[in-house]
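S.K.: Have a look at the structure that comes next, please.
The values are calculated or read from the model by the stated rules, or taken from the named source; none is laboratory data. Values in this document were obtained by computation on a predicted structure and should not be read as measured data. FYI the Cβ positions are ideal-geometry reconstructions off the backbone, even for glycines, and counts take in every protein chain you see. These accessible areas exclude ligands, DNA and RNA; they are computed on the full protein's heavy atoms, side chains included. Shrake-Rupley method; radii C 1.70, N 1.55, O 1.52, S 1.80 Å.
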There are 2 protein chains.
Amino acid sequence: MLTIGQLADYAGVTSKAIRHYHERGLLPEPGRDSSGYRRYTAKDAVDLVKIRTLANAGVPLARIKDLLDADSDALTAAIAEIDHNLQDRMAQLGRIRDQLAQLRGGERLFVSPEVADYLDDLRELGVSERQRCLERDGWILMQTASPEDASLWLAEKRELMADPEFRVLYLEHDAAYEWSPSDPRLPALADRTRNWFAHHDSRSETRPVHNPAIARLAAQSQPGASSPAWDRLTQLLKGQ
Amino acid sequence: MLTIGQLADYAGVTSKAIRHYHERGLLPEPGRDSSGYRRYTAKDAVDLVKIRTLANAGVPLARIKDLLDADSDALTAAIAEIDHNLQDRMAQLGRIRDQLAQLRGGERLFVSPEVADYLDDLRELGVSERQRCLERDGWILMQTASPEDASLWLAEKRELMADPEFRVLYLEHDAAYEWSPSDPRLPALADRTRNWFAHHDSRSETRPVHNPAIARLAAQSQPGASSPAWDRLTQLLKGQ
DNA sequence: CTTGACCTTGCCCCTAGGTCAAGGTCCGAC
DNA sequence: GTCGGACCTTGACCTAGGGGCAAGGTCAAG
């Protein structure tokens, strides 16, 4: 006959846990000795090990209770299912490990794979880190607010970027971030931008987001996302 | 700018969880619009995905909070450690799957490997299922109460079982469970048992547990563990 | 103007126990 | 015989990571 502490050591649990199982009706309350101590039998030890095995497998105590009363077939089926869950869980842990690895340096976690590819292309083109951050945040907002629209816009933006002239304009806008607001290149850039859109405005009238300032618009809420030169550029584009 | 529900959908969590992270100081409270609704930026989305990635990896929220503020080196180290834990966890799940498989039919879960081997040997010898259950329960009690003594006793019991005469007696005691208490074989069996011990009592005087009734003694606490014939046998052995 | 879907705060509920408190008990040592 | 330390008893409160509900405010469409 065992005390609660001996039984707990045997099964590798605390006595508190055993009392918890009594409260939940998982393990029947054993008889008491003359001083009121619980006294356990080998059967209790066997039951407790079963309980722990199932609990370690992630089975909720309420379900373990049912399982202990269930017949052999039901138990076999339940164990098969639990084992399946364990396998799923292991596979899931593998995926979580991949995601965890991406947490260091990757941005693929935050956007759809298509957008991630697009951002990779931007890097290839020589777009600045800053600009890519703005783009990323813009796409996050768009994807979140309306995933299907974002997908359409991404296709159109890719079309734009396929045009070498547009790419030049885009890169120059990127570089202009650090210019002085009185830089003489700004009016010229504004002119060429307006000019380009005049020749390609079939869709851009209905969807004004497709100009190179898209990231600036999307990121306006973030402090420090613009610069004096960009503000001036926005004025020049809007003013005329 | 996103509402809490949009942000929640983006990250695959509930709005309640996001508020929970605000309360815990994991995610800063964003600004409110004119009607008091929270309004989120892309940065919040990025932070939330980081939080979820770490939380999915099993990192407690309190530690995630520290990690988000930590510098890059500390973060890298922490991620390495978390990844290690994940690997451990996966290996552990594999072990739990093994144990789960043993739950169907195996008794190896409940006793030490040595005792499990001994129980297997009993089956080979033709010992009944009932008797093996009694033995198992006896060994569980012994192991739990005093593992090192149990190990010694097991060695001695194995020595006894190495003697063909003892094995015959043991099997006959096993079979006697179902005899009638007035069966004429009982007194004869008691005689032969006493006789055997008279010739081999070098140790059994100090350790009376080593007679074939060991399981009966250990299992006395369990109702229905004895039978009329066994009770009679005990009387016969004790009486003279 | 209503309806349904959203948002707000606040409260209690869950699992699987851990921890602390305030005692009663057992056992070996002195 | 009694002392100390390790064990046992019950009970109450605490934790993480939210879920669910109440009671209301807001928004956009029909």
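S.K.: On the given criteria, is A:Pro181 surrounded by fewer than 15 Cβ atoms within 10 Å (Cβ to Cβ) and part of a helix (DSSP H, G or I)?
M.R.: no
S.K.: If a residue has to be open to solvent by 30 Å² or more (accessible area, probe 1.4 Å), away from DNA strand C (no atom under 15 Å from the Cβ) and either within 45 Å of the chain's Cα centre (by Cα) or within 20 Å of A:Ala62 (Cα to Cα) (or both) to count, how many in segment A:23-44 make the cut?
M.R.: 2
S.K.: Among the numbered criteria (1) within 30 Å of A:Val49 (Cα to Cα); (2) away from DNA strand C (no atom under 14 Å from the Cβ); (3) in a helix (DSSP H, G or I); (4) free of Cβ contacts under 8 Å to residues at least 40 places away in the same chain, which single criterion is violated by B:Gly105?
M.R.: Of the numbered conditions (1) within 30 Å of A:Val49 (Cα to Cα); (2) away from DNA strand C (no atom under 14 Å from the Cβ); (3) in a helix (DSSP H, G or I); (4) free of Cβ contacts under 8 Å to residues at least 40 places away in the same chain, the odd one out for B:Gly105 is (3).
S.K.: Next question, about the same structure. Considering only segment B:139-185, how many residues are of a type in the set (D, E, K, R) and within 27 Å of B:Leu109 (Cα to Cα)?
M.R.: Within segment B:139-185, residues that are of a type in the set (D, E, K, R) and within 27 Å of B:Leu109 (Cα to Cα) number 8.
S.K.: Being of a type outside the set (A, V, I, L, M, F, W, C) and facing chain B (nearest Cβ under 7 Å) is the filter here, so list the residues in segment A:95-116 that pass it.
M.R.: A:Arg97, A:Gln99, A:Arg104
S.K.: List the pairs whose first member sits in segment B:75-91 and is free of Cβ contacts under 8 Å to residues at least 60 places away in the same chain, whose second member is open to solvent by 60 Å² or more (accessible area, probe 1.4 Å) and assigned to a helix (DSSP H, G or I), and whose Cβ atoms are under 7 Å apart, counting only residues at least 6 apart or on separate chains?
M.R.: Here the result reads B:Asp83/A:Arg97; B:Leu86/A:Arg97, each pair linking segment B:75-91 to a residue that is open to solvent by 60 Å² or more (accessible area, probe 1.4 Å) and assigned to a helix (DSSP H, G or I).
S.K.: Could you count how many residues in segment B:138-160 are touching a Leu at 6+ places or on another chain (Cβ under 8 Å) and buried (at least 16 other Cβ atoms within 10 Å of the Cβ)?
M.R.: Total satisfying the criteria: 4.
S.K.: Before we move on, is B:Ala45 within 11 Å of chain A (Cβ to nearest Cβ), among the hydrophobic types (A, V, I, L, M, F, W, C) and away from DNA strand D (no atom under 14 Å from the Cβ)?
M.R.: yes
S.K.: In addition: For residues that are closer than 27 Å to B:Glu114 by Cα and under 35 Å from the mean Cα position of the chain (by Cα), tally how many sit in segment B:147-196.
M.R.: Selection size over segment B:147-196: 29.
S.K.: Using the structure shown, decide if A:Arg108 is in the same structural domain as A:Arg52 (by TED's automatic domain parsing) and either under 14 Å from the mean Cα position of the chain (by Cα) or open to solvent by 70 Å² or more (accessible area, probe 1.4 Å) (or both).
M.R.: Criteria not met by A:Arg108.
S.K.: Could you check how many residues of segment A:50-74 are assigned to a helix (DSSP H, G or I) and open to solvent by less than 20 Å² (accessible area, probe 1.4 Å)?
M.R.: Number of matching residues: 5.
S.K.: Now for a different question. What number of residues in segment A:2-29 are in contact with an Asp or Glu (Cβ under 8 Å, 6 or more places away or on another chain) and either among the acidic types (Asp, Glu) or within 10 Å of chain B (Cβ to nearest Cβ) (or both)?
M.R.: Total meeting the criteria: 2.
S.K.: Here's something else I'd like to know. Of the residues A:Ala80, A:Ala17, only one is within 14 Å of DNA strand D (Cβ to nearest atom) and within 36 Å of the chain's Cα centre (by Cα); which?
M.R.: A:Ala17
S.K.: Here is a further query. State which residue is modelled with the highest pLDDT when the search covers only segment A:111-137 and only residues that are part of a loop (DSSP other than H, G, I, E, B) and open to solvent by 20 Å² or more (accessible area, probe 1.4 Å).
M.R.: Residue satisfying both the conditions and the ranking: A:Gly126.
S.K.: Taking only segment A:45-67 into account, find how many residues are within 11 Å of DNA strand C (Cβ to nearest atom) and more than 41 Å from the chain's Cα centre (by Cα).
M.R.: 0
S.K.: Could you tell me which of the residues A:Met142, A:Met161 is in contact (Cβ under 8 Å) with a residue 12 or more places away in the chain and in contact with a Lys or Arg (Cβ under 9 Å, 6 or more places away or on another chain)?
M.R.: Within the list A:Met142, A:Met161, the selection yields A:Met161.
S.K.: If you scan segment A:4-22, which residues turn out to be among the β-branched types (Val, Ile, Thr) and either closer than 25 Å to B:Ala116 by Cβ or near DNA strand C (Cβ under 9 Å from one of its atoms) (or both)?
M.R.: Selection gives A:Val13, A:Thr14, A:Ile18.
S.K.: Continuing with the same structure: Restricting attention to segment A:48-62, which residues are touching a residue at least 12 places away in the same chain (Cβ under 8 Å) and more than 8 Å from every other protein chain (Cβ to nearest Cβ)?
M.R.: Listed by number, the residues that qualify are A:Leu48, A:Ile51, A:Arg52, A:Gly58, A:Val59, A:Leu61, A:Ala62.
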